Each structure stands twice: as C-alpha cells, then as structure tokens.
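Chemist: Structure provided below as structure tokens; questions to follow.
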Amino acid sequence: MAKKPSVLITGASSGIGATYADRFARRGHDLVLVARDGARMEAMAADLRRETGVTIDILPADLTKHDQLAAVEARLRDDAGIGILVNNAGASLGGRFVDQVTEDVAQLVALNTTAVLRLASAVAPRLANAGEGAIINIGSVVGLAPELGLSVYGATKAFVLFLSQGLSLELGPKGVYVQAVLPSATRTEIWERSGADVNALSAVMEVGELVDAALVGFDRREPVTIPPLPDAADWDAYQSARRAMLPGFAQVHAAERYRTGA
Ligand SMILES: NC(=O)c1ccc[n+]([C@@H]2O[C@H](COP(=O)([O-])OP(=O)(O)OC[C@H]3O[C@@H](n4cnc5c(N)ncnc54)[C@H](OP(=O)(O)O)[C@@H]3O)[C@@H](O)[C@H]2O)c1
C-alpha cells in the first residue's frame, strides 16, 4: 500500500491542533507538529508514537517571527512527504477595538492571517505540481458575524474563509483539496488565553467532537465545513445569495439610487 502523506499541523500543542494530531496519527499519517511549546508537543508525541507507531517530528516555531515562520515554510516547500497542511494556529484577543493595543491587534493579524497565507503559499505550488494533497484552514463562525463584536479576530477569520474558497476554486481542478473549517465555541485554551470565561457561554462543543465532525467534512471533500450549523441548506442559501449579486457588479454607471443627491 502507498505510504500516506505526512501532515504538518500548526498550533499542535493544544486544543484543536493537538486533536488533529491525535486523529491523523490514528489514521496512520506521519506528523510534523508546529507551535511555540516544543516540550509540550514532545510529551504529546511520545505518547502518540507509542500508541500508533507513526513518525512525529517537532518543529518549534513562533509563527509571528519571520525567521521561525520561514523555517516552517522551507519545510513545507522542501519535504515532498508532506501532503497535508493543517493551518490551525491562531489566537483571539479580548476587549473592544478602541481599547485594544495597536501592536496586539497587529500581532493577531500576523498569526491568524499572514502565517496562514505564507504557509499555504509555501506548500501550494508543490501540491499543485504533484496533482494531489490538501490544505485545511481553521476559520471561525465569528468571521461570518460582525455582530459578535470581535472585529479584528472576526476579520482574520473572514480572510481565512475567503482565501480558502478562492484557493479551492484555483487548486481543486489541479487535484488539491482545500477545506475551510468554521468552528463555533469549542472548549480549548483559546478562551483563557484571551481572558474570556468559556463556562459563561451557553453552548460549547467539546474539541474531540469538533475535530471528528471536521474530518467527516474532510473525507467528503467539502470546501467549507461548519460543524455546529444544524441545516447545511442555510449555508447553501447564503452562498447562492452572494453569487446572485456577482453579475450585477459589472456596470459602467452607478446604481440608480446614487444618481440623485440626498
Ligand atoms: N476554541 C474555539 O472556540 C475556536 C472557535 C473557532 C475557531 N477557533 C480556531 O481554532 C484554532 C485553534 O485554536 P484552539 O481553540 O485550539 O486554541 P488553543 O488551544 O489556544 O490552541 C492554539 C494553538 O496555537 C498555538 N499558537 C499560539 N500562538 C502561536 C504562535 N505565535 N506561533 C505558533 N503557534 C502559536 C498554540 O501553541 P503554543 O502556545 O505552544 O505556541 C496552540 O497550539 C485557532 O485558529 C482558533 O482561532 C477556535
């Protein structure tokens, strides 16, 4: 049997990324784990290696630091064994926009968007050339909901969704599968890390259930997987409404309602 592709997972030291690592190892994939906390990933990997027999490399990196991000990009470019990228590392930030520190929001954007983009850009040409492989990008339902008040975090996740949909259209015909996964509130450390109390929320999904559902979507080759959404027809209707506007965008003149003052 052909060897399964290795999976490089960012943010693999906890939460959703650690759960993807567990699931892909149990499916028989070798892993490359990326996050800042190398010791934590090493401890996790020791258990997983023993239980599954797969090979696991640890690549500690702060993805907001250019040289460390570049090392992960190089691994994705050069290691022909890696056939799946899970772009999962991410963070949130508490507080309202006017109270957030400019440097902090810029760091958030660097991690949640620039790193995602650079890693996808590093691996996509090789996968397209091979005619196979997959990129999983972890977005969020917050990226569909400015009403939730998490403007910068939501904007980064809207970026992840748009990028994923665009890459899916471009790379799908070349044999490369791109999936955006949009979790809703899931019980991980992200809440505590951003100063929020997960127990104050009315509905929280357990991380194992979230990742297992996302992998059902992965196996079905869904472009967008929203594990908590009860009715998939709602997403389809949203996409149809968006697409219905597209032909109207090509106009020489402004719409009638803008052609008279006040
Ligand atoms: N949990 C939710 O409710 C929820 C909902 C929607 C979407 N998401 C998304 O799911 C993804 C995973 O988050 P999670 O919920 O699993 O949270 P988490 O448990 O806090 O995991 C975040 C992961 O990212 C890593 N990370 C953070 N900053 C990093 C940096 N500068 N460089 C490299 N790695 C870094 C962390 O490891 P180190 O600290 O070791 O670096 C950790 O492994 C994120 O993209 C998040 O936005 C989560």
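The values are calculated or read from the model by the stated rules, or taken from the named source; none is laboratory data. Quick caveat, the model's predicted, so the values are computed rather than measured. A quick note on method: Cβ atoms are made from the backbone with ideal geometry, for glycine too, and the neighbour counts reach across all protein chains shown. Each accessible area value is taken on the protein alone, full model and side chains, heavy atoms only, with ligands, DNA and RNA left out. Shrake-Rupley method; radii C 1.70, N 1.55, O 1.52, S 1.80 Å.
Chemist: Restricting attention to the stretch 65-100, which residues are β-branched (Val, Ile, Thr) and closer than 14 Å to residue 32 by Cα?
Modeler: Going through the stretch 65-100, the residues β-branched (Val, Ile, Thr) turn out to be 72, 82, 84, 86, 98.
Result: 72, 82, 84, 86.
Chemist: From the residues in the stretch 115-132 that are under 17 Å from residue 74 (Cα atoms) and of a type outside the set (A, V, I, L, M), which one is nearest to the ligand (Cβ to nearest atom)?
Modeler: 118
Chemist: Restricting to the stretch 59-91, and then to whatever is touching a residue at least 24 places away in the same chain (Cβ under 8 Å) and more than 26 Å from residue 157 (Cα to Cα), can you tell me which residue is farthest from the ligand (Cβ to nearest atom)?
Modeler: So the residue we want is 80.
Chemist: Okay, moving on. Checking residue 131 against (1) out of contact with any Leu (no Cβ under 8 Å at 6 or more places or on another chain); (2) modelled with pLDDT under 95; (3) open to solvent by less than 50 Å² (accessible area, probe 1.4 Å), which test does it fail?
Modeler: Every listed condition holds for residue 131 apart from (2).
Chemist: Return the residue satisfying two criteria in turn: it lies in the stretch 222-262 and is under 18 Å from residue 169 (Cα atoms) and among the acidic types (Asp, Glu), and of such residues it is least open to solvent (accessible area, probe 1.4 Å).
Modeler: Among them, the one singled out is 222.
This table checks each residue for (1) under 15 Å from residue 81 (Cβ atoms); (2) near the ligand (Cβ under 9 Å from one of its atoms); (3) under 14 Å from the mean Cα position of the chain (by Cα).
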position: 5; (1), (2), (3): yes, no, no
position: 18; (1), (2), (3): no, yes, yes
position: 31; (1), (2), (3): yes, no, no
position: 36; (1), (2), (3): no, yes, no
position: 44; (1), (2), (3): no, no, no
position: 50; (1), (2), (3): no, no, no
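Chemist: Same structure, new question: Residues in the stretch 196-219 that are part of a loop (DSSP other than H, G, I, E, B) and either at pLDDT 95 or above or under 18 Å from residue 13 (Cα atoms) (or both): how many?
Modeler: 3
Chemist: Take the residues of the stretch 62-91 that are among the small types (Gly, Ala, Ser) and surrounded by fewer than 21 Cβ atoms within 10 Å (Cβ to Cβ): which is nearest to residue 138 (Cα to Cα)? Walk me through how you get there before you give the answer.
Modeler: Looking only at the stretch 62-91, we keep the residues that are among the small types (Gly, Ala, Ser), and these are 70-71, 74, 80-81, 83, 89-91.
Then drop every residue that is not surrounded by fewer than 21 Cβ atoms within 10 Å (Cβ to Cβ), which leaves 70-71, 74, 80-81, 91.
Numbers: 70: 20, 71: 21, 74: 21, 80: 23, 81: 22, 91: 11 Å.
Applying the filter and picking the extreme gives 91.
Chemist: Here's a follow-up. Which residue pairs have Cβ atoms closer than 6 Å, lie 6 or more positions apart in sequence or on different chains, and pair a first residue in the stretch 148-160 that is under 18 Å from residue 89 (Cβ atoms) with a second residue that is within 8 Å of the ligand (Cβ to nearest atom) and acidic (Asp, Glu)?
Modeler: Sorted first by the residue in the stretch 148-160, then by its partner, the list stays empty.
Chemist: Right, another one. With the requirement that a residue be open to solvent by 50 Å² or more (accessible area, probe 1.4 Å), without any contact (Cβ under 8 Å) to a residue 40 or more places away in the chain and of a type outside the set (A, V, I, L, M), what does the stretch 198-221 give you?
Modeler: Those that are open to solvent by 50 Å² or more (accessible area, probe 1.4 Å), without any contact (Cβ under 8 Å) to a residue 40 or more places away in the chain and of a type outside the set (A, V, I, L, M): 199, 202, 206, 209, 219, 220.
Chemist: Separate question: Would the stretch 92-114 turn up any residue that is open to solvent by 40 Å² or more (accessible area, probe 1.4 Å), within 13 Å of the ligand (Cβ to nearest atom) and more than 19 Å from the chain's Cα centre (by Cα)?
Modeler: Yes: one or more hits.
Chemist: Just to be sure, is residue 37 open to solvent by 60 Å² or more (accessible area, probe 1.4 Å) and under 18 Å from residue 193 (Cβ atoms)?
Modeler: Yes, satisfied.
Chemist: Find the residue count for the stretch 161-197, including only residues that are of a type in the set (D, E, K, R), touching a residue at least 12 places away in the same chain (Cβ under 8 Å) and either more than 12 Å from the ligand (Cβ to nearest atom) or in contact with a Ser or Thr (Cβ under 9 Å, 6 or more places away or on another chain) (or both).
Modeler: Residues that pass the stated criteria total 3.
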